[in-house]
Amino acid sequence: MAGFDDLIAALPAWPVILGAHLLLIVVPASVAFLALYVWKGNPFRWRKIQPGFAPPHAIRREVLYSLLTALIFALNGVFIYVSMANGWSLVYTHVADYGWLYGAFSLAVTIVLHDAYFYWTHRLMHHPRLFDRFHRLHHESHSPSPWAAYAFAPMEAVVQAMFLTILIFILPLHVTVIYLFMLHMIVRNVIGHSGFELFPRSVPAHPVLGVLTTTTHHDLHHSSRGSNYGLYFTWWDRLAGTEHPEYREVFDRVTGGPETPAASPSSTPVTWSPTAVDIENAERDSVWNVNACDAPDIADLEAPIGARPTR
């Protein structure tokens, strides 16, 4: 463990680490928000997955907790920095130590392992005894924006930060691999919470690319609960039977074109609210799942534009 003197010695690096984490979260979220929610020329405007938009107070909440998450990630980054500087971890700085091929391999392994870590910790945080303390705040973004990607309660932010802290003591990682992994993690998370389907229509049915989670895949997790816990890949949801049964149907409607029902704010597919399947799954597997029906205050935190919040 890092000693007090080691932490003091790392203080000069703290502003740099904090600034890097702020940039990693703020820049992708800001770019996505401006391009999709502010820019009138948004080419994906007819691919809005849920009708309406979150009200300003919900966006402010997402921004605030995203900044708090950046702070927690940065504190974790200081520990990683101290561990690396003292030779306690397996982080290395010279590519020649393992070669470029291993570097690419370690990046792929890190992404796959993180997906597994995220899936199972995510499901665990849906346990009724843990949901309120760890995960409810994130689900207050019923209709998420890019800023919801890292709008975590402090306890959840710690859980998410711990993956890399654990991994650096198990798998040798070059510092560049760590940076690339974090960039991939944040960009994919922002895409998953963007509220607009950004993937090509052919992705879910593709024999290779079909394992990637689309924006619709994660958006269904926010709107219906009890399903779609994966972060980067769909295989854990498929293996564990937690993929939403109407995922492909909703994706096809959203990407079908401006003339399809899913593109019209006046037409709401049944999968945008808890379905009978969701409720049945939550009742059958209540140890792992908290259904939206158990969180009646969440729904009125987001409302279509022009609607007045009920509280």
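The values are calculated or read from the model by the stated rules, or taken from the named source; none is laboratory data. Just so it is clear, the model here is predicted, and its values are computed rather than measured. Heads up, the Cβs are rebuilt from the backbone with ideal geometry, glycines too, and the neighbour counts pull from every protein chain shown.
I'd like the full set of residues that are among the basic types (Lys, Arg), under 15 Å from Phe196 (Cα atoms) and touching a His at 6+ places or on another chain (Cβ under 8 Å), limited to the stretch 221-257. None - no residue of the stretch 221-257 is among the basic types (Lys, Arg), under 15 Å from Phe196 (Cα atoms) and touching a His at 6+ places or on another chain (Cβ under 8 Å), so the list stays empty. The one condition from (1) loosely packed, with under 15 Cβ neighbours inside 10 Å; (2) modelled with pLDDT under 55; (3) under 21 Å from Gly52 (Cβ atoms) that Glu302 does not meet is (1). What number of residues within the stretch 241-256 are touching a residue at least 40 places away in the same chain (Cβ under 8 Å), over 22 Å from Ser202 (Cβ atoms) and of a type outside the set (Val, Ile, Thr)? Here the count works out to 0. Within the stretch 142-190, being of a type in the set (Ser, Thr, Tyr), over 12 Å from the mean Cα position of the chain (by Cα) and within 30 Å of Ala35 (Cβ to Cβ) holds for Ser143, Thr176, Tyr179. Which of the residues spanning the stretch 30-62 are surrounded by fewer than 19 Cβ atoms within 10 Å (Cβ to Cβ) and of a type in the set (Val, Ile, Thr)? Correct list: Val31, Val38. Would it be correct to say that Val109 is β-branched (Val, Ile, Thr), within 30 Å of Pro55 (Cβ to Cβ) and in contact (Cβ under 8 Å) with a residue 12 or more places away in the chain? Taking the combined requirement at face value, the residue does not satisfy it.
Being over 29 Å from Phe169 (Cα atoms), touching a Phe, Trp or Tyr at 6+ places or on another chain (Cβ under 8 Å), β-branched (Val, Ile, Thr) and outside any strand (DSSP E or B) holds for only one residue in Val78, Val63, Val27, and it is Val63. Considering only residues in the stretch 171-208 that are farther than 15 Å from Ala20 by Cβ and hydroxyl-bearing (Ser, Thr, Tyr), the one that is surrounded by the most Cβ atoms within 10 Å (Cβ to Cβ) turns out to be Ser194. Identify the single condition in (1) touching a Pro at 6+ places or on another chain (Cβ under 9 Å); (2) on the phi < 0 side of the Ramachandran plot that His126 does not satisfy, given that it satisfies every other one. Of (1) touching a Pro at 6+ places or on another chain (Cβ under 9 Å); (2) on the phi < 0 side of the Ramachandran plot, only one is false for His126: (1).
In contact (Cβ under 8 Å) with a residue 60 or more places away in the chain, part of a helix (DSSP H, G or I) and at negative phi: is that true of Tyr117 in this structure? No.
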